[in-house]
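Read-outs throughout are calculated quantities, based only on the coordinates presented, and are distinct from any laboratory measurement. Computed from a predicted model, the values in this text were never measured in an experiment. Heads up, the Cβs are rebuilt from the backbone with ideal geometry, glycines too, and the neighbour counts pull from every protein chain shown.
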Amino acid sequence: MQFFLLLLFYGLEAVLLELPAHGSNTKYLYESLNMQLPEKVIDFSVNINPLGAPKVLKEKWDDWFFTINDYPDPYASPLMKQLTEQENIPISHLLVGNGAAEIITLIARYLAGSKVAVIHPAFSEYAIACNNENCEVVQIVLSEPGWNLDVVKLETKLQEVEAIFLCNPNNPTGIRYEQEVIKSFIDACKRTHTLCIIDEAFYDFVPEPVTFIKKVLYQEHVLIIRSLTKMYSIAGLRLGFLAGNPTLLQKIGKTKPHWSVNALAMRAGIACLQDKSHPVKTRKFIKTERTTIFQKLKQLGFEHSISQLNFYLLRDPGLSTQKRLFHYLLERGFVLRHTENFPGIEGKWLRVAIKQPEANKKLLEALAAWKQEK
Ligand SMILES: Cc1ncc(COP(=O)(O)O)c(C=O)c1O
C-alpha cells in the first residue's frame, strides 16, 4: 500500500514538471506544452464567478486609493467585524488570510512533520503545502463516478493520521456531500482525535448553501476554510479566512506575516460581504446555465460529473484519457483544466468552468465539432 502511495506521489510530481498545477494564467499552460498561444483564448480552467465582482468594487475603487499609502490594519479589524456578523461567530474563532491558499499554507506549517490524510480528488494545495512541511501525506482516493465518502470504511485510516483535509463542496468534481455524511465524518474525526479540516471555498455556489462553520463553536477538532475569491471574483486581490477554536487559531496564525491581508482586499472584502444580492444572483445564473449545458452535453454524447457548482468534470466516454480532446480544444483557444494532478482522476476527465452564455455556447459548438471530426 505504502509503495503504491509513493508511486502515486512521485508519478504526480513528474507530471507537474510539465503542466501547471492550477488553472488560470493560461500562457504558462501553452508554454509548458510548447504550443502557440492562439490570438483569442477563453479560459475555462479558472473556476471563479462568471458574473465577475460586485459592481460596488468598481464604484468605490477610486475612494479606496488612499489606503495604499499606509500599512494595512494587521488585525483586519473592520473586516473581522463584518465576518463575525455574517457568520454569527465570535472574532476569536476567525483568522483572515491572503486567500484561502495562505490559510492552507499556515495549517500545513502548524502540522509540520505529522501524518496527514487528504481525501481525493481534491484541490492540490493541501498535499503540496503538507509535503513542503515534511508531513507524511496519505492519499485517500474515492472512486468515480459518485466519489462517495464511506465514513465507516474511513475510520480505520483516521486512526493513523493526525489531521485530514476534505474539500466540500468538492473541487474538482463539483459534488456536495450529504449533510449526514459530513456530520458522521466530523464525529468519526472526534472519536479518532483527528483534526478535521473542511474546505468550504465553494459552499456558496450551491443552490441551497450549507456550511458547517458553526461546528467550530463547540467542536475543538474542526477547522473550516473559506475563500472570498471565488464567489466575489477577487482572485487577484486575495482574501480568505479560517474558522476554528481560538487556541488552535492562535497557534496556526503564529507564522502569518504581519500585514498579509492588504488594505484594498480588506475594503473590497467588506463591500462584497455587504452585497447580499450577488451570491443570490450568481446561484440563479449558474443553475440555469448548468442545466442548459448538461442537457446539451448529453445530446452530444459527453459525460459530466453531477456538479452543483460553477464548474464540472467532462469527458468523452470514447477516450480513455482526455488528452486528445484537451489539445484539440487548446488549439482552438478553449482552455480547460487538465486533471493530471488530481489523484483518482489523472487525465480521465477535464474540469470546465461555467462562464457567460456566449462562451459556454462557443465551447459546446467546439465539442460538437470534435464529435463530428474525430
Ligand atoms: C477548494 C479550494 N480551496 C482553496 C482555494 C484557494 O482559494 P484562494 O483564491 O482564496 O486562495 C482554491 C483555489 O482554487 C480551491 O479550489
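So which cysteines in the chain don't have a second cysteine's C-beta under 4.7 Å from them?
Cys167, Cys272, each lacking another Cys Cβ under 4.7 Å.
Measure up Lys115/Lys153; Lys153/Lys214; Lys214/Lys281; Lys157/Lys348; Lys27/Lys55 against 21 Å on the Cα-Cα distance and list the ones that go over.
Lys153/Lys214; Lys214/Lys281; Lys157/Lys348; Lys27/Lys55
Using unit Cβ charges (K, R positive; D, E negative) and no other charged atoms, how large, in debye to the nearest 20, is the dipole of the range 63-206 about its Cα centre? Walk me through the numbers on the way to the answer.
Values: 9 positive and 20 negative charges, 87 e Å.
Roughly 420 debye for the range 63-206.
Going by amide H atoms built from the backbone, whose H comes under 5 Å of the H on Trp259, apart from near neighbours?
For Trp259, whose amide H was placed from the backbone, there are no distant partners under 5 Å.
Rounded to the nearest 500, what is the chain's calculated 222 nm mean residue ellipticity when only DSSP H runs of at least 4 contribute -39500 (n - 2.57) each, over all residues?
Numbers: 13 runs with 149 residues, N = 374.
When only DSSP H runs of four or more count, the value is -12000 deg cm²/dmol.
Please give the Cα centre distance for the range 313-348 versus the range 156-229, rounded to the nearest Å.
Rounded to whole Å, the Cα centres lie 28 Å apart.
Residue-wise, which Karplus ³J(HN,Hα) couplings in Hz belong to the range 324-334, taking 6.51 cos²θ - 1.76 cosθ + 1.60, θ = phi - 60°, and x for glycine or proline?
Ordered by residue, 3J(HN,Hα) equals 5, 5, 4, 5, 4, 6, 4, 4, 9, x, 9 Hz.
Taking +1 at the Cβ of each Lys and Arg and -1 at the Cβ of each Asp and Glu, which of Ala265, Leu309, Leu95 sits farthest along the dipole of the chain towards its positive end, judged by Cα position relative to the Cα centre?
Leu309
Report, by chain and number, residues whose modeled amide H sits under 5 Å from the one on Ser233, excluding near sequence neighbours (fewer than 5 apart, same chain).
Under 5 Å from the amide H of Ser233 lie the amide H atoms of Asn49, each far enough along the sequence or on another chain.
How would you rank 241-247, 139-145, highest first, on the average number of other Cβ atoms within 10 Å across their residues? If you can, show how the numbers build up before the last one.
Working: 241-247: 20.7, 139-145: 16.6.
Top to bottom by mean Cβ count within 10 Å: 241-247, 139-145.
Rounded to the nearest 20 debye, what is the charge dipole size of the range 286-374 about its Cα centre when +1 sits on each Lys and Arg Cβ and -1 on each Asp and Glu Cβ?
Roughly 140 debye for the range 286-374.
Take each of the peptides 111-119, 293-301, average the number of other beta-carbon atoms within 10 Å over its residues, and list them starting from the highest. It would help to have the intermediate numbers written out before the result.
Working: 111-119: 20.0, 293-301: 14.6.
Packing order, densest peptide first, comes out as 111-119, 293-301.
Take each of the peptides 67-78, 158-169, 258-269, average the number of other beta-carbon atoms within 10 Å over its residues, and list them starting from the highest.
158-169, 258-269, 67-78
Across 20 Å bins from the origin, how do the percents of Cα pairs in the chain run, short distances first?
In whole percents, the pair-distance histogram is 28, 59, 13.
Search the structure for amide H atoms under 5 Å from the amide H of His120, placed 1.01 Å from N in the peptide plane, and list their residues when 5 or more places away or on another chain.
Under 5 Å from the amide H of His120 lie the amide H atoms of Ile140, Val141, Leu142, each far enough along the sequence or on another chain.
Is there a pair in Lys40/Lys323; Lys284/Lys361; Lys183/Lys298; Lys190/Lys230; Lys183/Lys355 whose C-alpha atoms are over 27 Å apart, and which pairs would that be? Present the calculation step by step, with values, prior to reporting the outcome.
Working: Lys40/Lys323 21 Å; Lys284/Lys361 18 Å; Lys183/Lys298 34 Å; Lys190/Lys230 30 Å; Lys183/Lys355 33 Å.
Distance filter (> 27 Å) returns Lys183/Lys298; Lys190/Lys230; Lys183/Lys355.
Which whole-Hz ³J(HN,Hα) couplings does the range 62-75 yield from phi under the Karplus relation 6.51 cos²θ - 1.76 cosθ + 1.60, θ = phi - 60°, glycine and proline marked x?
Rounded to whole hertz, the list is 4, 4, 8, 4, 4, 5, 6, 6, 10, 5, x, 4, x, 9.
Give me the percent of DSSP beta bridges within the chain that run antiparallel, rounded to the nearest 5.
If we restrict to bridges inside the chain, about 45 percent are antiparallel.
Given the C-alpha atoms of the range 55-274, compute the convex hull and give its volume per residue in Å³.
About 118 Å³ per residue, rounded to a whole number.
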